[in-house]
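Inspection log for the structure reproduced underneath, given as structure tokens.
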Amino acid sequence: MSGTQAQQRGTWFQRFLLPAFAMKGVIIGGGYATGRELTEYFLSQGPVGGLLAMLVATILWSVVAALTFAFAHAVGAYDYRTFMDRLLGRGAIIFELCYVLFSVLLLAVFGAAAGEIGQSLFGLPNVVGTLALAALIAVIAGLGESAVEMMFKFISPILYAVYAIFLILAISRFGDRIAESFAAGIVGPQWPVLGATYGIYNIVTAIMILPVLRHITSRRNAVIAGAIAGPLAMAPALAFTVAMVAFYPIILNETLPSDFLLQRINSPAFRIVFQLMVMGALLESGVGVIHALNERAANLYARRHDAAMPHRWFRPVTTICVLAACMFVANAIGLVTLIASGYRLMALIFLLSFVLPLLTIGSARIFRRNAAPTSHDDMPRASLQPPR
């Protein structure tokens with residue numbers, strides 16, 4: 001096998017874990033990292049009801065991610081517009097409009113969360129945290145694909161380790177309260193709906209991380225990577241939710257449940273470590289969103305100009321423009337309102353424009369005998385060119 005082929009085939013990590021880490025990276029941002037989404041969609045249904053809702057969301061993530069990765073491999077689609085063109089044809093424009101709006105919403109949530117963390121941890125004005133996050137996203141996303149993959153590779157293990165320590169500390173400090181809350185057996189009536197809602201609007205992240213699927217070499221690789229993406233993406237949420245159960249139901253009213261818990265754990269050093277980890281999670285998420293938009297722009301540029309886009313200036317300029325246009329929506333609307341209102345509408349939109357077509361049209365194409373995977377040599381090269 002030649003050096004080029006080896007690079008395209010990728011390592012075991014790139015084929016199986018990188019897609020899961022990338023999907024987790026985008027999902028965890030904003031409310032998930034701060035705990036706000038988890039209280040809104042899971043813990044609001046009680047401790048036991050929250051776990052049932054999480055199970056629904058996890059199964060949805062694994063099934064839809066496996067189908068998404070397999071379809072992308074089968075048709076050679078590694079940016080979201082090409083993927084939707086293959087799936088919906090002319091109807092792809094409907095998805096793209098919704099997708100861009102969702103990206104704006106996500107970046108606004110990330111900006112709001114970063115501002116809240118900066119204010120809570122260091123007493124800084126909200127705009128400072130938002131600006132710091134925007135600058136870091138612009139640097140990494142502007143450097144291109146290799147920098148994005150390197151970020152997921154190194155930040156993800158740190159994130160899992162911090163969440164594991166967080167759960168251990170929570171159990172050691174107030175494990176009896178956690179046990180009592182679970183023993184009460186509270187199950188809200190909306191857990192199936194909220195679990196499905198959370199699962200559906202978040203699974204669109206499987207589309208956002210398509211650029212990192214270029215290393216997958218077979219349908220089997222794609223299905224395995226998708227199947228393990230669900231549990232790996234939900235694992236930090238499970239640890240976080242179990243810890244929050246100790247203070248159910250008063251924690252439901254907290255804008256930053258993470259900081260609420262950290263203050264009660266009463267470890268100033270770990271509080272700083274955890275909040276810095278949350279900023280790292282927001283960075284992962286923001287870079288994932290921007291990278292997907294950059295890859296779409298790169299593909300469009302390559303088609304129109306029959307050449308790779310000029311990496312030195314195109315990616316940074318695109319990144320800065322997108323961030324400037326949407327991250328400061330956060331300061332005007334607020335984190336809680338963004339999560340409670342915007343996400344439910346997006347769940348319905350993506351159910352109709354992505355999940356249902358994938359489960360029907362996409363599944364039929366994946367398992368059709370003549371659905372041969374497209375060669376890497378036939379793919380657009382725009383995003384694979386090294387920076388100049």
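What to note about this one:
- Separation of the range 238-272 and the range 140-189, taken as the distance between their Cα centroids, equals 12 angstrom.
- Charge tally in the Cβ shell below 12 Å around residue 34, where Lys, Arg are +1 and Asp, Glu are -1, residue 34 excluded: -4
- Pairs of Cα atoms in the range 30-90 fall into 10 Å distance bins, from 0 up to the last occupied one, in shares of 20, 31, 24, 22, 2 percent.
- Net charge over other residues, Cβ less than 15 angstrom from the Cβ of residue 262 (K, R count +1; D, E count -1): +1
- Backbone geometry of the range 207-224 corresponds, through the Karplus equation with coefficients 6.51, -1.76 and 1.60 at θ = phi - 60°, to 3J(HN,Hα) couplings of 6, 5, 9, 3, x, 7, 7, 4, 7, 6, 10, 7, 4, 4, 4, 5, 5, 5 Hz, x marking Gly and Pro.
- The mean sequence separation of alpha-carbon pairs under 8 Å and at least six residues apart, normalised by the residue count of the range 11-367, gives a relative contact order of 42 percent.
- Cα-based radius of gyration for the range 11-367, normalised by 2.2 N^0.38 Å, reads 0.95.
- For the range 18-128, averaging the sequence separation of C-alpha pairs within contact (under 8 Å, six or more residues apart) and dividing by the residue count gives a relative contact order of 24 percent.
- Largest-first ellipsoid semi-axes for the range 13-170, taking √(5λ) over the Cα gyration tensor eigenvalues, angstrom: 28, 22, 18
- The peptide list 114-120, 34-40, put in order of mean Cβ contacts within 10 Å with the highest first, becomes 34-40, 114-120.
- Given charges at Cβ of Lys, Arg, Asp, Glu: the range 11-367 dipole, positive-most of 129, 63, 347: 63
- Karplus 3J(HN,Hα) series, Hz, for the range 11-26 with 6.51 cos²θ - 1.76 cosθ + 1.60 (x for Gly, Pro): 8, 4, 4, 5, 7, 10, 9, 4, x, 5, 5, 5, 5, 4, x, 6
- Karplus-derived 3J(HN,Hα), 6.51/-1.76/1.60, for each residue of the range 35-51, Hz, glycine and proline x: x, 5, 4, 5, 6, 5, 9, 10, 5, 4, 9, x, x, 6, x, x, 5
- The range 183-230: translational diffusion in µm²/s, Stokes-Einstein, Kirkwood Rh over Cα pairs, 4 °C, 1.567 mPa s: 98 µm²/s
Just so you know, all these numbers are worked out from the coordinates, no wet-lab data involved. Predicted model only: the values in this text are computed from it and were never measured. Note that we place each Cβ from the backbone using ideal geometry, even for glycine, and neighbour counts take in every protein chain shown.
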